[in-house]
Amino acid sequence: MAPVVWLIIGVILVVAEVLSGEFVLVMLGLAALGTALVVLAGAPTWLAAVVFAALAGGLVLGARPALKRRFLAGRELKTNVDALVGKHAVVVATVDHQGGRVRIDGDVWSARACAEADVFEADSTVLVTEISGATAIVAAQP
């Protein structure tokens, strides 16, 4: 009967994780499922408690941080000027190290070239490498 109880507790915790999204309940659920296997093998109650504590502690402190980092890594959404870096722009007025104008996603921006020697003529395409204030810093396309 004890393995079934541990199994039910494990499944309930894993299902409850869907509501929280913090990866704590799923770690506790996995620990309960592991404990169910130990109890099924005939381990005494005290050993089941030790196994559950060890698995829960190891999973919450060891696996959870890595799992959270993995799931949150791709969620950074670039907005505002950060979203413009890496985009292509069309030169509207000649751009050199002193200044010029480019069109990025339909908006006209002040621009200047990264390198002093670079000069980009109108209608050429450049790459936005940085936004400095209200000025796009551009370079030749790779």
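The values are calculated or read from the model by the stated rules, or taken from the named source; none is laboratory data. Computed from a prediction, not measured in an experiment: that's the story for all the values here. Neighbour counts run over all protein chains shown; Cβ positions are idealised from the backbone, glycine included. Note: areas computed on protein heavy atoms with side chains; ligands, DNA, RNA excluded. Shrake-Rupley method; radii C 1.70, N 1.55, O 1.52, S 1.80 Å.
Going through the range 38-64 one residue at a time, which ones are part of a helix (DSSP H, G or I) and of a type in the set (Gly, Ala, Ser)?
Once the filter is applied, which keeps residues that are part of a helix (DSSP H, G or I) and of a type in the set (Gly, Ala, Ser), the range 38-64 yields ALA48, ALA49, ALA53, ALA54, ALA56, GLY57, GLY58, GLY62, ALA63.
If you take the residues of the range 72-100 that are in contact with a strand residue (DSSP E or B) (Cβ under 6 Å, 6 or more places away or on another chain) and of a type in the set (Gly, Ala, Ser), which of them is nearest to SER132 (Cα to Cα)?
GLY99
Here is a list: ARG64, ARG103, ARG69. Which entry is of a type in the set (Lys, Arg) and farther than 30 Å from THR129 by Cβ?
Every option except ARG64 fails the conditions.
Filter the range 65-121 down to the residues that are of a type in the set (S, T, N, Q) and modelled with pLDDT under 90, then identify the one that is most open to solvent (accessible area, probe 1.4 Å).
Out of the qualifying residues, it is ASN80.
How many of the residues in the range 72-131 are of a type in the set (Val, Ile, Thr) and in a loop (DSSP other than H, G, I, E, B)?
4
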